[in-house]
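Note sheet for the following structure.
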Amino acid sequence: MVGDKTIEKMKLNRFNNCENWFCPVCAWKKTRKNALKISSLMQYLKEDEEKEFLFLTLTASNVKAEELEDEIEHYNQSFQRLTQRKAVKQADKGYVRKLE
């Protein structure tokens, strides 16, 4: 890490990726990279294409590890049903989806 004299502004100077999704630093770095890409795309669409955006957060209760695969499958099916609804199809021009 490199910072200014007051150590108020810090910048990551060099980093060795372990590329393990459970590594908090690697996960954070990947998330920041994806967020920057999406932000740039959204800015372009807003300015040049004059598109507007809706932000939707879907949540579910925590589940045990044994139930996680079934819960993800249920989530994917539910999201698919949502996107197939007539009202959603008419309004939807595309979306970005992330499962955490």
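A few comments on the model shown:
- Tilt relative to the chain, helix 68-84 - C-alpha long axis, 0 to 90 degrees, to 10: 60 degrees
- Of the GluC sites (Glu not before Pro) in the range 14-79, those whose Cβ has at most 11 other Cβ within 10 Å and which sit in DSSP loop: Glu19, Glu49, Glu50, Glu52
- FRET efficiency estimate (nearest 0.05) - Cβ-Cβ, Trp28 to Tyr75, R0 22 angstrom: 0.40
- Per-residue HN-Hα couplings for the range 21-31 [Karplus 6.51, -1.76, 1.60; θ = phi - 60°; Hz; x = Gly/Pro]: 4, 8, 6, x, 6, 5, 5, 5, 5, 5, 4
- Shown is the FRET efficiency for Tyr44 and Thr83, computed with R0 = 25 Å from the Cβ-Cβ distance and rounded to the nearest 0.05: 0.60.
- Among Cys26, Cys18, a tally of other beta-carbon atoms within 10 Å of each Cβ gives an order, fewest to most, of Cys18, Cys26.
- Assigned charges on the beta-carbon of Lys, Arg, Asp, Glu; the chain dipole about Cα centre (debye): 400 debye
- Take every pair of alpha-carbon atoms less than 8 Å apart whose residues are at least six positions apart; their mean separation over the length of the chain yields a relative contact order of 8 percent.
- Here's the picture: charge each Lys and Arg Cβ at +1 and each Asp and Glu Cβ at -1 in the chain, and of Gln90, Phe55, Leu41 the one pushed furthest to the positive end of that dipole is Leu41.
- Sum of -39500 (n - 2.57) over DSSP H runs of 4+, divided by residues of the chain (222 nm, nearest 500): -16000 deg cm²/dmol
Rule-based calculations on the coordinates, nothing more; no lab input. None of these values were measured; they are calculated from a predicted model. Quick reminder, even Gly has a Cβ in these numbers, built from the backbone with ideal geometry, and neighbours come from all protein chains shown.
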